[in-house]
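Read-outs throughout are calculated quantities, based only on the coordinates presented, and are distinct from any laboratory measurement. Nothing here was measured: the structure is a model prediction, and the numbers come from that model. For neighbour counting, all protein chains shown are included, and Cβ atoms are generated from backbone atoms with ideal geometry for every residue, glycine included.
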Amino acid sequence: MSGPVRKLSLDEASSLTAGAAMWASVGIPDAGIASFTMADGPMGVASGNVDERDISLLTPCPTALGASWDRELVRKVGRVVGGDAVARGVDAVLGPNLNLARSPLAGRAFEYFSEDPFLAGCLGAAWITGLQETGTGAVAKHMVCNDSETARDSVDVQVDEATLREVYLLPFELAHEADCRAFLAAYNKVNGAWCSESARVLSDIVKDEWGFDGLIMSDWFGTHSGVDAINAGLDLEMPGPARVMGQKLADAAAHGAVAEGRLQDAAERVARVAQRVTGPKAAPADPSAAEAVLEEAAAAGMVLLRNEGGILPLSPASLTKLAVIGPNAAAPCYQGGTFAKIAVAPGTPSPIEGIRARFGEACEIVFEPGVDPQPRLPAMPVRPARDIGDGCTTGMTIDYFASEDCSGAPLTSETRDTNSLVWFVGVHDQARFDRAGSVRATGRFSVTQSGAHRFYVGSTGAARLSVNGAEAVRAGGTVDARDVMGVLKRGDAEFADVVLEAGTQVEVEVTFRFVGARVHGLWFGVRSPDSAEAMLARAIDAARSADAVVLIVGETSDSSVESKDRADTKLAEAQLELIRAVTAVNPRTIAVVNVGHAFDAEWGDLCAALLVAWYPGQGFAHALASVLAGDREPGGRMPVSIAQCESDYPAFDLTPAADGSLVYAEGSRIGYRGLIADGRPARHPVGSGEGYARFAWSAARVEGESVHVTVTNTSDRAGAEVVQLYRDAPECALLGFAKVWLGAGEAAQVVIQPDPRLLRHWQPQGWQAMRGPIAVRLARSAEDGGIPLVLMRS
Ligand code: BGC
């Protein structure tokens, strides 16, 4: 691929080294260089999603995709995201995230495919291939060792060279081999150098050794010295406009601080990528085909860890009454709570809706949340106060006024079904903010339980909430506009109780006065009078009288965030209490866990079945119902280890030392490698998971450098087997894998070619291949003795 059509002047070349705007590069049309647009990822096309109306497709989280162990499926998911990018006019997506689940506390662990570098790299490469088949570019991130969030802007990861290359850079190396268009340099330091200024990583390894000819951009606002960054090999400062690179580098070059050749090289890389990602595009995916892929992927990532007495699959016809219990049944966590959050389409079904659709005709279904599903800011489930002809039947009617006190006729009106309204001035509705002085939100709330209802309101300006015309609560507007997103995540709000009677309908009105700021926010909600004791008691009653219980527990959508790691791996105490209480009255309890990382599963033995759903994206409801009913396999196998207890994890605490360093003391013994080396068997090892079908392996042998085995589906249903190949010395490591789908009674020959990158070691003098007889294992998990074989390598 060529670069610019003519030689660029120094000014032009330097202008290309910084973005034009938040999500766009600089273009120089008369040199044939287009500006390209970017969007955040990786669970879909996320940028510009400033509120619940900006909808895009939401895929399963990468950990769920990691659990699929299925390259072809992950490639299809990448294609779906690429197609969505095409539909939105986005040229490049900031994904995949190729960092590793080093500790289960990592705030963004749900964005990582696995703790295993090879699995993460293979699936990352598959996602990149799928995405790029649509003409969209992938920007793999965050290079490198951005495996946790605590002090992510300053932490200095100390990692030895062999571990850096064999473990943390390996997924990026595989991404490069998949022709990934760009990399994004992480915020942190590695061995004393900012990632955006690490010549060792960016230039020596990635560009010179690997021969990467794409571009390396900074993470958003992640540059320090422009001169040091360009000299180290960073090509593009993001976002734009320039702060430290761009035009400033022309001056630096004039003073000899930057070599002109390096500037021209960076500009050529930007131009080359622009040309590639603004070229021909595939047609956007057909929406129903895309939805089918997302549902298939959600089911393919669900891992069945326990299935006592074969309680699953549950035949709907065999049940009289099914109790669905748990907060996540109605308030699921489809995704993580980072800035790359996707607005899902209204009407996306929740798990209870999916289960009702699949089981509801055959048996009675009762639902009880058991604990408060919205421990922070609750929803505002109202009907619009007015029909404004937009077809919306849920949400508040929002009127915008020129006056400061909602007097006069509204300038404009809309219906919004959300409990948080955020307006970014200049991004959204600029015209409205030029004129509007106040806002009124009105809706009708139907009271289903008598008692004290708690109404909440919070805002960046003065706001008040009234019920049937009587003021109930005021927010003073003391929130700093810059902290709106943080405040919303915490759910900070004023509240007051209003006693209401079941069967009545009340009008809820919230008024808000704008104050000059770049971001305005108004949020509200109502909590029904249920007490924790009453909710738990109803759940126990429902469980006791049912033939079986599907207990859906897990996190809220704001549990996993950027810039913050978790304090522990436990579910909320109220949920643990719910699990104990429900399993005590109904042994036929199937627990479904809706989390994005390894969690404390000590309670798992209380349940007849344990199914990990991760964050499954928009296909959650129907995927779960079909897996429970047995229409689909729970196709997943663990992509991360769940240790017996927190102290067993080879890396756990993520707090940097007083000098800012975070030492990767476990070296290459990340995850299962360390657990096995330390003699601490996992509760649920990497690779484990049951599925419904059963398989036999035969005729395992080594032929040349590949390993062959015949896999036969010995059960009476179709299903998937994940064949894994490990070496055991000098530490256990995954060398290859294959996922095979076989019909009942069907057999197939599986061939795994161990990846040579896992059969080499980094020595001070360079890469050294492992030679001689190498003991390997075909296995169903990292801890399965499996079938031992010997690879001969000369
Ligand atoms: C995150 C990236 C993200 C970027 C743009 C950064 O804070 O670390 O993952 O792509 O913001 O939103």
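3J(HN,Hα) along the range 503-512, derived from phi through the Karplus expression 6.51 cos²θ - 1.76 cosθ + 1.60 where θ = phi - 60°, amounts to x, 9, 10, 10, 9, 9, 10, 10, 10, 8 Hz, with x in place of Gly and Pro.
Helices assigned as whole DSSP H runs in the chain whose Cα atoms extend at least 20 Å along their own long axis and whose mean Kyte-Doolittle hydropathy is -1.0 or higher are found at 71-87, 117-132, 260-277.
Once C-alpha pairs closer than 8 Å and six or more residues apart are averaged by separation and normalised to the residue number of the chain, the relative contact order reads 16 percent. A quarter of the convex hull surface defined by the alpha-carbon atoms of the range 612-660 gives 5.8 nm² as the mean projection.
Roughly how many whole Å is it from the C-alpha centroid of the range 572-611 to that of the range 668-731? Between the Cα centre of the range 572-611 and that of the range 668-731, the gap is 26 Å. Residues Phe695, Phe110, ranked from the fewest to the most other C-beta atoms within 10 Å, line up as Phe695, Phe110. Can you bin the range 242-323 into rounded, prolate or oblate? Criterion: square roots of the alpha carbon gyration tensor eigenvalues sorted a ≥ b ≥ c, rounded for a/c under 1.5, prolate for a/b above b/c, oblate for the rest. Prolate is the answer for the range 242-323, as a/c is 1.5 or above and a/b outweighs b/c. For the residue pairs Lys76/Lys141; Lys76/Lys281; Lys321/Lys739; Lys7/Lys141, the alpha carbons lie more than 25 Å apart in Lys321/Lys739; Lys7/Lys141.
When all alpha-carbon pairs of the range 32-145 are counted, what percent fall beyond 20 Å? The answer is 36 percent, as a whole percent. Determine, for Tyr456, Tyr692, the number of other Cβ atoms within 10 Å of each Cβ, and report the residues in order from fewest to most. Ordered from fewest to most neighbouring Cβ atoms within 10 Å, Tyr456, Tyr692 come out as Tyr692, Tyr456. Over the C-alpha trace of the range 598-747, radius of gyration and Dmax come out as 18.5, 60 angstrom.
Across the options Gly745, Gln765, Met792, the greatest Cα extent toward the positive end of the charge dipole of the range 693-793 (unit charges at beta carbon of Lys, Arg, Asp, Glu) belongs to Gln765. The mean of 1/r over all distinct Cα pairs in the range 693-793, once inverted, gives the Kirkwood hydrodynamic radius of 14.3 Å.
For the range 693-793, a crude dipole built from +1 on the beta carbon of Lys and Arg and -1 on the beta carbon of Asp and Glu, taken about the Cα centre, is about 200 debye to the nearest 20. Taking the empirical scaling 2.2 N^0.38 Å for compact globular proteins as reference, the range 534-579 has a Cα radius of gyration ratio of 1.50. Quick one: Debye curve from the C-alpha atoms of the range 726-778, no solvent, what's log10 I(q)/I(0) at q = 0.21, 0.27, 0.29 Å⁻¹? Scattering profile of the range 726-778, log10 relative to I(0): -0.83, -1.13, -1.22. For the chain, a simple Cβ point-charge model (Lys and Arg +1, Asp and Glu -1, everything else neutral) yields a dipole of about 660 debye relative to the Cα centre. Applying 0.36 nm per residue to the separation of Asp387 and Asp653 and subtracting their alpha-carbon distance, the gain on full extension is 90.4 nm.
Relative contact order, whole percent, for the range 212-282 stands at 35, derived from Cα pairs under 8 Å and 6 or more residues apart. Taking every DSSP bridge with both residues inside the chain, close to 70 percent are antiparallel.
Measuring nothing but alpha carbons in the chain and taking Rh as the Kirkwood radius, the Rg to Rh ratio lands at 0.98. Here Asp541, Asp147 are placed in order of increasing Cβ neighbour count within 10 Å, fewest first, which gives Asp541, Asp147.
Using only side-chain charges placed at the Cβ, +1 for Lys and Arg and -1 for Asp and Glu, the dipole size of the range 91-145 relative to its Cα centre rounds to 180 debye.
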